[in-house]
Each structure stands twice: as structure tokens, then as C-alpha cells.
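Student: Provided herewith is a single structure, encoded as C-alpha cells, for subsequent inquiry.
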Amino acid sequence: MATSFAALLFRPSEVPDAALSRGFAVALAGWNTRAPRLSIAPVPGLHGWSAAFYASGSGIEEDEQEHAAELFADELSPAVGVLDAATDLGAAPGVLYTLVVAEDPLNDDGWRFTPDAYTRHYAREGDDGLEAGVETAEGLESTELLLDLADDASEAEEDAAVERAVHPHRGSTFLSAELGVPLRSALMGALFAADKQLPVQLIDPSPTSIAAEVRRLVRTLRRVEGRGAFTAPAVVAGVAQPAAHAAFVQTYDWADPADPSDAYRELALGAVTGTLRFLREDELRASGDDPRWAAAARAGLYPVARLSGSALGSASREVGLLGLAADGVALVLVRSRGPLGSSEPAGPTFGELCRYLALGWSRRTDAEEDLIGALMLRARLRLERE
């Protein structure tokens, strides 16, 4: 079967789409992938199970194979990320399986994950020939695979000898026994039938999701949802208010008497470093009259927050304003100093900034530590990529 794929097997009744999306995004946070995607399909012959097929979007098969092999074997693999995300979302995942298959060079790597254990079986072409291994949390047992092959064997005989040697050790053989189906052929059927696409993202950027993120932040700060909410200008300097910002404004607590300054200090998220304060109604209106904002407006940005220097240094000096793109996703830092219109990507998306603030002011679980680390990695990587 001359093909390659990387798949995660899950029960949709136990793992929501949001957990798949975030789990893969956490695992990918430090990888320079521009267009990762998941294709979802039920697995033929395996009732109640679906497969999420991963692709980085590179378009080069050799690069895809090498990347998938490294990603799925990483300590913080997609399966670990998905288990953590599903638990955080209130689901109760039981077991997940992953399988990475390639034929040239040979790699057949299967994993079984539960919330507290894992088992891995693989057969692959290593630097010194064919090898197989079994790995658990207790350690790894690796074996060199020897071929029973005559010196004058034909290519077909060599292929048959390789298959005899590797078949008992393949990850797909291990998982087929676990699940009671010939898994590689079942997954091939699912792969060619997959028509559901799922974005890979740390935080859903939709207005509904932004409102949920702000509620999380308000709860973390022990504040009151919607207190002091106002109607933000529908248009600032000719730019319409993004729906995500409207959802933010109506949900955020703008009038906490215990924290009148409402400043988030010592942030370190991409270019969002220092002290941040979200803009009130009068500040939003005034921004439209600022000549420094004209270029940002021409770029379709809507002002959302003010960024100042670190509280340990020049806290009173404004660094610039954060502008939000029309789609409610990308944030851009429009600097107060330098040439008019001087701007740069901020790093995080608007939703990622909201979650970062909530995590930064809370006691975090191990999974949340992984998530805030992923938020910081992704923001930094976006700056480096630009």
C-alpha cells in the first residue's frame, strides 16, 4: 500500500471538535506550519470511531512524512494535547489511538493513549537498517530486524522478506489487534472519504467564542460580567467595529471599583509586552481623530487597547495602540513613536490575548501550563515568521 498518512482515532461522543482543534494547535505551537489542517471521517467497520487526518500544508510528501513522524512522537503530541483539551472542555475521553504510516522510508508507528498511560509499537527504517520497538512510560525496548534473504534474491523476494520481518512489529498490526479491524485498509477508506475539514487553532476567533473567553477572564478576576458595558462606536476613522470586539465590549467588566486602573501589567506575549489597558468609549472615539491612526484605519484596523512600557521601567510611556482586523482575528501594534503609520503584527490573535490574560491571573493545571506556553510560542513564532 504505497501511501502515507498521520491519523488520530477518537470517539466523537467523547472528544468534541474544539478539543481536536486546540489539542493539535497546542502540539504545533512551536512548529513553523502555515496551513495545518484536519480532515475528519468515520472509520469503516469501526462503529462509533472517527479519524482525524493531519496535514501540515507543505505540499511536499517527504516533508509531510518527516514532520508527521516527529510531531506524533513528540512528548507533547497531538494525542496528549487532545486529551488535555477534551478534559478542560468537560468531556471524558477514554482512549485515543494514533497511527503514522509511510512506505518510503518505512515507518509504521502506532500509539494507544489513555489519560494516565500510553503504549507504542513501531517498525521503521532507521539509520542502520530495519528496527522495531515497544515503548511505555517505563521505558523503550528496541530491536534490530534481520532479513532472511538469499544473496541473489529478486526485488519482489526482498519486499516479501521485509514484510515478513516488520509485520508483527508494525504499529498498525498492534492497533488492528486492539480494535479488531484491519486498520490500515480501514483508514485508507476513511482518508479518501474524508470531507469534513476542521481548522487547527488555539482559540476559536468567532464572536461567540470571544464572549466565552471574556467570561472566563471575568470569572478568573472575580469581577462582574457586563458591568459598565457601553456601546462602542460603530465606526472609528471609517472602519467598522468587528463583531468580535462588540462581543468583548458587552461581556467585559469595565467598572471594577477594586481596580479602577484596570491595567494588565508585565505581559509578554509576542509584541504585546508591558502594560495593557482596553480602550473605553471616549478613548475609542478620540483614536479616530489621532493622525497617527490614519494609516491603521486605511489598513482596516479598529482600535481596541493601549500598550505602555513595563511597570518596572517606563510604565507611563505609551508604546502604541492595538488594532483589530475586520475579521476579529489578527492584532496589529501601531506604535506611538517612529514614522507615521509605523506598525507590526502583535503576535497573538484577539482570542489568544483574552485566554492569555485569564491564564496569567489564575492558578494553572499542567494542561493550562501547556496552553499558556503554546500561546506564547505561537505569538513569538508569528513575529519571527513576519
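The values are calculated or read from the model by the stated rules, or taken from the named source; none is laboratory data. Just so we're clear, the structure is a prediction, and the values are computed from it rather than from any experiment. Here the Cβ positions follow ideal geometry from the backbone for every residue, glycine too, while neighbour counts run over all protein chains shown.
Student: Among residues belonging to the range 107-129 that are out of contact with any strand residue (DSSP E or B) (no Cβ under 7 Å at 6 or more places or on another chain) and surrounded by 12 or more Cβ atoms within 10 Å (Cβ to Cβ), point out the one that is nearest to Ala165 (Cα to Cα).
Tutor: Going through the qualifying residues, I end up with Gly126.
Student: Right, here's the next one. Name the helices (runs of 4 or more DSSP H) wholly inside the range 164-245 in which the number of residues that are in contact with a strand residue (DSSP E or B) (Cβ under 9 Å, 6 or more places away or on another chain) and closer than 23 Å to Ala86 by Cβ is 2 or more.
Tutor: Values: elements: 171-179, 183-193, 207-221.
Fully inside the range 164-245 and qualifying: 171-179, 183-193.
Student: Please pick out the residue among Thr251, Thr220, Thr208 that is over 28 Å from Ala299 (Cβ atoms) and either touching a helix residue (DSSP H, G or I) at 6+ places or on another chain (Cβ under 9 Å) or not assigned by TED's automatic domain parsing to the domain that holds Glu352 (or both). Give the steps one after another, and end with the answer.
Tutor: On the way: Thr251 fails: over 28 Å from Ala299 (Cβ atoms); Thr208 fails: over 28 Å from Ala299 (Cβ atoms).
After ruling out the rest, the residue left standing is Thr220.
Student: Further question: Just a yes or no: is a residue in the range 22-37 of a type in the set (Val, Ile, Thr) and either closer than 27 Å to Arg380 by Cα or surrounded by fewer than 21 Cβ atoms within 10 Å (Cβ to Cβ) (or both)?
Tutor: Of all residues in the range 22-37, those of a type in the set (Val, Ile, Thr) come to 26, 33.
From what's left, either closer than 27 Å to Arg380 by Cα or surrounded by fewer than 21 Cβ atoms within 10 Å (Cβ to Cβ) (or both): 26, 33.
Yes, the conditions are met somewhere in the range 22-37.
Student: What residue, of Thr136, Thr143, is surrounded by fewer than 17 Cβ atoms within 10 Å (Cβ to Cβ), polar (S, T, N, Q) and at pLDDT 95 or above?
Tutor: Values: Thr143 fails: at pLDDT 95 or above.
Just one listed residue meets the conditions, Thr136.
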